[in-house]
Amino acid sequence: MTFNEILDMLRGIIYTTGVFHFSFKLVIMWAIGSFFIYLAIVKNYEPLLLLPIGFGIFIVNFPLVPLMGWTHGHGELLRIFYHYGLEWEVIPCVIFLGLGAMTDFGPLIANPKTLLIGAGAQLGVFITFSGTVLAGFTLKEAASVGIIGGADGPTTVYLTQHLAPQLLGPNALAAYSYMAMVPLIQPGIMRLLTTKEERRIRMRQLRPVSKQEKILFPLVTSAIIALLVPSVIPLMGMFMLGNLMKESGVVGRLTETAQGSLMNIVTIFLGISVGATMHADKFLSWKPLLIFGLGLVDFAVCTAGGILTVKAMNLFLKEKINPLIGSAGVSAVPMAARVSQVEGMREDKTNFLLMHAMGPNLAGVIGSAAAAGMFIAMFD
Amino acid sequence: MRRLIIALIITAICIPSLILAEENFLEAPIIPGAKVVKKTETRLELKINKSHDEVVAFYKSALKGLKDVRYREWKKATYIEDDSNRPWHSITISKPEGDEGTTVVILKDNWTWIMGTLILRFIGVFVVLLVLFVAMSLSGAVISRLVKRFQVKEEASKG
């Protein structure tokens, strides 16, 4: 064997490593991935999602890694997770099943007026849509960016995958990041749009809700959603099934699995698959930056929309609603409701708004799903 | 000679625009042989002596490969809509009943449509939740009454 042959062999081995395919763009993506891992571990911002998303971003941005491509006609590991989980729109629906199994709709059933707050809080979704079109996005992309303001991760993932899968990574990342930052974003807007007197409004204690009502709720809601916005019934149907399982009390094992192990398993697949879509070649452009900017505006307008809806309702109501619970209409369950509670207690330490805020909070989930359904119907 | 050269230059400049004007309106293709009925900056109405199916076939082939173009079959027309950022918004191809020829209307992309549809859909979200509110209020009232009646009966039977 000659020296040149040995050199060729060495060169061949070295070229199968990633070292010679290195680019500066990849380093930027490692930094972005690491940043989200930092937010999850150090700041505790939505760690269940931001940690696997951050790691997904980090790991797919190494050269030659067989993760998101196709080898011999077969999808590679993360491609398979992505294909069956997200392209088939399975994961968001299964997550909604788990969420339904965790949710107590009592506060919403006790005070159904708060459903309207959930609708008003979708204002930003529609305003951002027009802003996004102005920024040069297509109508489908604009719809998928607009839904970020609904602050509902699975709905954002579901709609984006349906209308603009190329934006899945940045949209999901923006949605989950802003959901985690609710305590930073909302208080300023809440104080700006309310007076001291309004923030001190005390609300009557919610009536107790019977088991029968709780069992009937998922059935009634499923029927209405299926009739009026059928396009989101995969999402809402699973949500309501999870809730029916919980409230019926007869399938404890299934409920436990849906809200525990199953939810945890799909969360891992969701996080890593979303992160894996963010390869440097696709992610490093002006669009993700714009999406983050527009998402923030969206979130702020949705918060304002919820508060203004309460103020408008108060013009007609004898028993006034504390407008601080309006901000909870942006979903982000239960973080947004907790922010209402904290802001309420800032004015009056004996005013407990948490259970009142849970109503619009849950209404926000239904409202954002309805908004997503409106968009799907617009394009399908 | 100079006049001839100037005339040739003007013709050379004008011909492509004339051809383009006949080939498309706001980048939407114009079916060859169509007569312009009415033309404004935002709307072009054409009439052609071809069947509806022939016109639709022309547009399907002309728009082939374009992303985000959607076809809707209505009772009286075929509606082609652009969901991306093209200058045209829609092409409506009538379904004539007799031999009067097919009418094609091309509309410019406009904010009225976008804002209109957004406002309607936002109201739509309110309607969905309002219906749910009414249904929940009614079912809540009925169930509460039934539960109370049941409790009173139970207490009476115990007492």
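The values are calculated or read from the model by the stated rules, or taken from the named source; none is laboratory data. Treat the numbers as computed from the prediction; the structure is a model and nothing was measured. Neighbour counts run over all protein chains shown; Cβ positions are idealised from the backbone, glycine included.
A search for C-beta distances below 6 Å between a residue of region A:348-360 that is farther than 13 Å from A:ARG204 by Cα and any residue that is among the β-branched types (Val, Ile, Thr), counting only pairs 6+ apart in sequence or on different chains, returns A:GLY359/A:THR114; A:PRO360/A:THR114; A:PRO360/A:ILE117; A:PRO360/A:ILE325. Exactly one residue out of A:GLY249, A:GLY237 is surrounded by fewer than 18 Cβ atoms within 10 Å (Cβ to Cβ) and more than 10 Å from chain B (Cβ to nearest Cβ), and it is A:GLY249. Every listed requirement among (1) more than 14 Å from chain A (Cβ to nearest Cβ); (2) in contact with an Asp or Glu (Cβ under 7 Å, 6 or more places away or on another chain); (3) closer than 27 Å to A:ALA371 by Cα is met by B:TRP88 save one, (1).
Test A:VAL65 against the criterion of being touching a residue at least 24 places away in the same chain (Cβ under 8 Å), in a helix (DSSP H, G or I) and either among the hydroxyl-bearing types (Ser, Thr, Tyr) or surrounded by 13 or more Cβ atoms within 10 Å (Cβ to Cβ) (or both), and give yes or no. No, not satisfied. Checking each residue in region B:103-143 for being more than 7 Å from chain A (Cβ to nearest Cβ), crowded, with 17+ Cβ neighbours inside 10 Å and either over 25 Å from B:ASP68 (Cα atoms) or basic (Lys, Arg) (or both) picks out only B:LYS108.
Taking the criterion of being among the β-branched types (Val, Ile, Thr) and under 18 Å from A:THR16 (Cβ atoms), the residues of region A:52-79 that qualify are A:VAL65, A:THR71.
The residues listed here are A:PRO334, A:PRO323; of these, the one that is surrounded by fewer than 24 Cβ atoms within 10 Å (Cβ to Cβ) and more than 14 Å from every other protein chain (Cβ to nearest Cβ) is A:PRO334.
Rundown of residues vs (1) within 14 Å of chain B (Cβ to nearest Cβ); (2) crowded, with 24+ Cβ neighbours inside 10 Å, yes/no style:
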| site | (1), (2) |
| --- | --- |
| A:GLY73 | no, no |
| A:ARG79 | no, no |
| A:TYR84 | no, no |
| A:TRP88 | no, no |
| A:CYS93 | no, no |
| A:GLY98 | no, yes |
| A:ALA101 | no, yes |
| A:PRO112 | yes, no |
| A:GLN122 | yes, yes |
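Would you confirm, using the coordinates I've provided, whether A:PHE299 is within 14 Å of chain B (Cβ to nearest Cβ) and crowded, with 24+ Cβ neighbours inside 10 Å? Against the criterion (within 14 Å of chain B (Cβ to nearest Cβ) and crowded, with 24+ Cβ neighbours inside 10 Å), A:PHE299 does not qualify. Checking each residue in region B:93-102 for being surrounded by 13 or more Cβ atoms within 10 Å (Cβ to Cβ) and out of contact with any Lys or Arg (no Cβ under 8 Å at 6 or more places or on another chain) picks out B:ILE93, B:PRO96. All conditions in (1) assigned to a strand (DSSP E or B); (2) touching a helix residue (DSSP H, G or I) at 6+ places or on another chain (Cβ under 8 Å); (3) within 30 Å of A:LEU123 (Cβ to Cβ) hold for B:ARG72, with the sole exception of (2).
B:ASP109 meets the conditions (1) more than 26 Å from A:MET374 (Cα to Cα); (2) under 11 Å from the mean Cα position of the chain (by Cα) in every case but one. The failed one is (1). Of the helices (runs of 4 or more DSSP H) entirely within region A:114-217, those holding at least 2 residues that are touching a residue at least 60 places away in the same chain (Cβ under 8 Å) and of a type in the set (Ser, Thr, Tyr) occupy A:123-134, A:153-163, A:168-180.
Within region B:38-49, residues that are assigned by TED's automatic domain parsing to the domain that holds B:GLY101 reach partners that are among the aromatic types (Phe, Trp, Tyr) and modelled with pLDDT under 90 with beta carbons closer than 6 Å, at six or more positions or on different chains, in the pairs B:LEU44/B:PHE25. Going through A:TYR45, A:TYR82, A:TYR38 one at a time, which residue ends up being hydroxyl-bearing (Ser, Thr, Tyr), out of contact with any strand residue (DSSP E or B) (no Cβ under 9 Å at 6 or more places or on another chain) and part of a helix (DSSP H, G or I)? Going through A:TYR45, A:TYR82, A:TYR38 in turn, just one is hydroxyl-bearing (Ser, Thr, Tyr), out of contact with any strand residue (DSSP E or B) (no Cβ under 9 Å at 6 or more places or on another chain) and part of a helix (DSSP H, G or I): A:TYR38.
For the criterion of being crowded, with 17+ Cβ neighbours inside 10 Å, farther than 30 Å from A:GLY305 by Cα and modelled with pLDDT of 95 or more, A:ILE117 fails. In the condition set (1) modelled with pLDDT under 95; (2) in contact with a helix residue (DSSP H, G or I) (Cβ under 6 Å, 6 or more places away or on another chain); (3) within 14 Å of chain B (Cβ to nearest Cβ), A:LEU50 is compliant with all but (3).
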